[in-house]
Amino acid sequence: MKKEENEVIRADRRTFLSILPIGVLGVVGASMTLAAKRSLDPETTVAADEGWKTVGDIAEIAGDEPIEKTISVTCRSGWSKTVEDVSVYVLPHHDNKVLSSVCPHEGCPIVWEDESKKFLCPCHDSYFSDKGERLTGPAKRDLTEYETRVEDGKLKIKV
Ligand code: FES
């Protein structure tokens with residue numbers, strides 16, 4: 001190889017090596033910006049399959065006690081997508097109102113107390129009426145109520 005050819009190859013290598021960090025930084029920066037946007041955007045941290053979910057056959061929902069049901073919801077948070085089982089309470093004695101089973105205080109699962117006819121959060125003893133209204137304890141609001149509708153004989157909730 002001649003001396004001039006070696007000089008040209010060295011110059012090309014130097015040019016490439018001086019541009020490489022800029023390209024790498026550009027790719028890393030774009031990836032971080034996209035990741036930050038996805039994780040900070042509130043739309044990306046809610047249920048990925050937003051819409052109406054079937055809770056059960058309306059014909060089978062009856063009685064004087066809350067009925068616990070489980071539905072599967074696909075959730076997306078940042079880059080990950082997970083399927084979570086969500087527990088809800090259907091209240092056939094209150095026009096099939098559907099309540100979240102998550103305590104509004106710090107998110108513990110509530111339970112139905114047969115004897116007292118109230119919902120209890122066992123974590124810090126918040127009590128809610130059989131309609132989900134806050135009665136006592138550190139929770140500051142009622143249990144969350146889902147929007148409902150009946151379609152083709154199925155009770156559905158909006159998630
Ligand atoms: S989490 Fe339910 S009362 Fe604290």
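The values are calculated or read from the model by the stated rules, or taken from the named source; none is laboratory data. Only a predicted model underlies this, so the values are computations on that prediction, with no experimental measurement involved. Counting neighbours? That spans all protein chains shown, and the Cβs are built from the backbone with ideal geometry, glycine included.
A search for C-beta distances below 8 Å between a residue of the range 94-117 that is in the same structural domain as Thr136 (by TED's automatic domain parsing) and charged (D, E, K, R) and any residue that is in a strand (DSSP E or B) and within 14 Å of the ligand (Cβ to nearest atom), counting only pairs 6+ apart in sequence or on different chains, returns Glu113/Phe119; Glu113/Leu120.
Say we look at the range 121-135 and pick out the residues that are part of a loop (DSSP other than H, G, I, E, B) and more than 10 Å from the ligand (Cβ to nearest atom); which of these is surrounded by the most Cβ atoms within 10 Å (Cβ to Cβ)?
We begin by selecting, within the range 121-135, every residue part of a loop (DSSP other than H, G, I, E, B); these are 122-125, 129-133.
Restricting the remaining residues to those that are more than 10 Å from the ligand (Cβ to nearest atom) gives 129-133.
Values: Ser129: 14, Asp130: 19, Lys131: 15, Gly132: 22, Glu133: 13.
Out of the qualifying residues, it is Gly132.
Test Asp142 against the criterion of being within 16 Å of the ligand (Cβ to nearest atom) and touching a strand residue (DSSP E or B) at 6+ places or on another chain (Cβ under 7 Å), and give yes or no. So Asp142 passes the test.
Would you check if Val73 is of a type outside the set (Ser, Thr, Tyr), under 30 Å from Met32 (Cβ atoms) and away from the ligand (no atom under 16 Å from the Cβ)? Walk me through how you get there before you give the answer.
Values: of a type outside the set (Ser, Thr, Tyr): yes; under 30 Å from Met32 (Cβ atoms): yes; away from the ligand (no atom under 16 Å from the Cβ): yes.
Yes, satisfied.
Could we say that Lys97 is out of contact with any Leu (no Cβ under 8 Å at 6 or more places or on another chain) and at pLDDT 95 or above here?
Details: out of contact with any Leu (no Cβ under 8 Å at 6 or more places or on another chain): no; at pLDDT 95 or above: yes.
It is false that Lys97 is out of contact with any Leu (no Cβ under 8 Å at 6 or more places or on another chain) and at pLDDT 95 or above.
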